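The values are calculated or read from the model by the stated rules, or taken from the named source; none is laboratory data. Computed from a prediction, not measured in an experiment: that's the story for all the values here. Note that we place each Cβ from the backbone using ideal geometry, even for glycine, and neighbour counts take in every protein chain shown.
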Amino acid sequence: MMPALIAGVSFKEAQTEARKLLDYLKLTDRVQHKPSELSGGEKQRVAVARRVNQ
């Protein structure tokens, strides 16, 4: 959500888009976890999603 919020997207819209991406990446069960709590593969999927969503 952070890149979208920095870009001026509304909180609700950023949250909706972030949840869609997490669902696509099969990471919805990890939504409350901090980045340091994700596995290496999960971090890679998040990084790919971040690049695709720019």
Quiz item: Out of Lys43, Lys12, which single residue is on the phi < 0 side of the Ramachandran plot, modelled with pLDDT of 90 or more, of a type in the set (D, E, K, R) and surrounded by fewer than 10 Cβ atoms within 10 Å (Cβ to Cβ)?
Solution: Lys12
Quiz item: So which of Lys26, Lys20 is part of a loop (DSSP other than H, G, I, E, B) and of a type outside the set (A, V, I, L, M, F, W, C)?
Solution: Lys26
Quiz item: Under 7 Å by Cβ, and 6 or more places apart or on different chains, what pairs join a residue from segment 15-30 that is modelled with pLDDT under 90 with one that is loosely packed, with under 15 Cβ neighbours inside 10 Å?
Solution: Leu21/Asn53; Leu22/Thr28; Leu22/Val31
